[in-house]
Amino acid sequence: VSRFESITMAPPDPILGVSEAFRADTNEMKLNLGVGAYRTEDLQPYVLNVVKKAEKLMLERGENKEYLPIEGLASFNKVTAELLLGADNPLILQQRVATVQGLSGTGSLRLAAALIERYFPGAKVLISSPSWGNHKNIFNDARVPWSEYRYYDPSTVGLDFDGMIADIKAAPEGSFVLLHGCAHNPTGIDPTPEQWEIIADVIQEKNHIPFFDVAYQGFASGSLDVDASSVRLFAARGLELLVAQSYSKNLGLYAERIGAINIVCSSADAATRVKSQIKRLARPMYSNPPVHGARIVANVVGDPELFNEWKEEMEVMAGRIKSVRQKLYDSLRAKDKSGKDWSFILRQIGMFSFTGLNKAQSDNMTNKWHVYMTKDGRISLAGLSSAKCEYLADAIFDSYH
Ligand code: PMP
């Protein structure tokens, strides 16, 4: 008898489990709209040209495989903070930003969670309802208490702005408010610039600490600056804040696990101390981060020519997603004579569309139509080709009715 007898079977991951089920399906019309990963029009994974160029450079230079420092590659940390806040941001010049390379967005969030657990005992993290499914896991495992704030309004398939503001106001003073910097996952619904200002007002009033999760910079609108504007608006107010970054989507570096945690502090001295403690948290967890993805980012963002080429490729990716979004909308409009308003699809931004399909309807999408998606009604438009928009519209229309 095994010593592990008491260990029960864990449930499949609600997002990554969808890909497993997809692989097992032999129907040729099958579509994987579960995981948020960019696909070409032929529905194939895509390695960016700038990534290949950077890797070629790295090979030519014969770079070694020595350990990185605990905080990661210095040239990466420099460019990643600049990309986020703007290269000429006074916060950077004043050395008020503590940046530590993390294991992509997830690992960076996890480091911040560990910091909160250690230095803000009892403080709560407020998470949008709904949010990316892994947020709750991350804070649970870090033993950080959390609660939800209203975000999604099913009646409009839009933002419940009043509910959001009321819940942020009602939270205990000094809570951490987790915000999606752009392209909210799973809803694809972002506050307007005016709404961001009001959110910042309330957070400031309540002495909360904003905590941004930026997983889609440049990928949502096609512009790196536009997608960072929410974070920059908060930073410009002089607020202390946390920002987790990921290069999984915008550079297609999913498996390289490259990202960062940035903590904007009110003084250079505080930033130095905070950084020292994040390093102390990282050391026993994984010692130091991997170098390959960090070098790619440093090469692409640090070289004006590659940087411009990256921006062009990002626009192409964001543009392809926008065009299938439009086509899906057009197909649904043409099919549905009931007068139902499908325009929410066009108002959503980023990789995802939140269809408003409930669990039973999402099950119908998968069981009858072989369309794999998460049970909350989220579909990844990055996994859709224009050739399959019509088919998807049929599936959605059928599942709604
Ligand atoms: N935050 C959000 C909102 C995400 O959607 C994702 C990726 N799906 C992540 C963080 C983290 O992804 P990664 O760990 O690959 O950077």
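The values are calculated or read from the model by the stated rules, or taken from the named source; none is laboratory data. The structure displayed is predicted, hence computed values, not measured ones. Reconstructed Cβ throughout: ideal geometry from the backbone, glycine too, with neighbour counts over all protein chains shown.
Below is a table of values for the structure above.
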read-out: Residue ID - surrounded by the most Cβ atoms within 10 Å (Cβ to Cβ), chosen from residues in the stretch 133-188 that are touching a strand residue (DSSP E or B) at 6+ places or on another chain (Cβ under 6 Å), in a helix (DSSP H, G or I) and not small (G, A, S); value: M164
read-out: Cross-chain or 6+ apart pairs with Cβ under 9 Å, the stretch 360-375 first and at positive phi, then surrounded by fewer than 21 Cβ atoms within 10 Å (Cβ to Cβ); value: H370/F22; H370/D25; H370/N27; H370/E28; H370/M29; H370/K30
read-out: Unmet requirement for E205, which otherwise passes all of (1) surrounded by fewer than 23 Cβ atoms within 10 Å (Cβ to Cβ); (2) under 16 Å from the mean Cα position of the chain (by Cα); (3) charged (D, E, K, R); value: (2)
read-out: Members of the stretch 244-256 that are under 13 Å from the mean Cα position of the chain (by Cα) and either of a type in the set (D, E) or farther than 19 Å from G350 by Cα (or both); value: none
read-out: All positions within the stretch 205-219 that are touching a residue at least 40 places away in the same chain (Cβ under 8 Å), over 17 Å from V79 (Cα atoms) and within 11 Å of the ligand (Cβ to nearest atom); value: D213, F219
read-out: Some residue of the stretch 183-196 being in contact with a Gly (Cβ under 7 Å, 6 or more places away or on another chain) and away from the ligand (no atom under 16 Å from the Cβ); value: no
read-out: Output for the stretch 111-129, where each listed residue is in a helix (DSSP H, G or I), within 24 Å of I199 (Cα to Cα) and within 16 Å of the ligand (Cβ to nearest atom); value: A112, A113
read-out: Elements of type helices (runs of 4 or more DSSP H) contained in the stretch 238-351, each with 1 or more residues being of a type outside the set (A, V, I, L, M, F, W, C), under 30 Å from R61 (Cβ atoms) and away from the ligand (no atom under 16 Å from the Cβ); value: 268-286, 292-302, 304-335
read-out: Residue in the stretch 285-292 that is touching a Pro at 6+ places or on another chain (Cβ under 7 Å) and farther than 21 Å from G181 by Cβ present; value: yes
read-out: Breaking point among (1) in contact with a helix residue (DSSP H, G or I) (Cβ under 8 Å, 6 or more places away or on another chain); (2) exposed (fewer than 11 other Cβ atoms within 10 Å of the Cβ), for L48; value: (2)
read-out: Checking K52 against (1) part of a loop (DSSP other than H, G, I, E, B); (2) within 29 Å of W310 (Cβ to Cβ); (3) more than 15 Å from the ligand (Cβ to nearest atom), the condition it does not meet; value: (1)
read-out: Count of residues meeting criterion [closer than 24 Å to A98 by Cβ and in a loop (DSSP other than H, G, I, E, B)] in the stretch 55-80; value: 8
read-out: Options G72, G36; residue that is within 16 Å of the ligand (Cβ to nearest atom), farther than 17 Å from Y254 by Cα and touching a strand residue (DSSP E or B) at 6+ places or on another chain (Cβ under 7 Å); value: G72
read-out: Conditions (1) at negative phi; (2) within 16 Å of the ligand (Cβ to nearest atom); (3) surrounded by 22 or more Cβ atoms within 10 Å (Cβ to Cβ); number of the one not met by A98; value: (2)
read-out: Residue check for L224: under 22 Å from V100 (Cβ atoms), at pLDDT 95 or above and hydrophobic (A, V, I, L, M, F, W, C); value: yes
read-out: A87 vs. criteria closer than 25 Å to N262 by Cβ, in a loop (DSSP other than H, G, I, E, B) and either of a type in the set (A, V, I, L, M) or at pLDDT 95 or above (or both); value: yes
read-out: Residue satisfying all of: in the stretch 220-232; charged (D, E, K, R) and within 25 Å of R325 (Cα to Cα); nearest to the ligand (Cβ to nearest atom) among these; value: D227
read-out: Residue check for N250: at pLDDT 95 or above and out of contact with any strand residue (DSSP E or B) (no Cβ under 7 Å at 6 or more places or on another chain); value: yes
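Here's the yes/no breakdown for (1) touching a Gly at 6+ places or on another chain (Cβ under 8 Å); (2) of a type in the set (V, I, T); (3) closer than 19 Å to N185 by Cα:
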residue	(1), (2), (3)
V316	no, yes, no
K335	no, no, no
F352	yes, no, yes
L357	yes, no, yes
D363	no, no, no
W369	no, no, no
Y372	yes, no, yes
C389	no, no, no
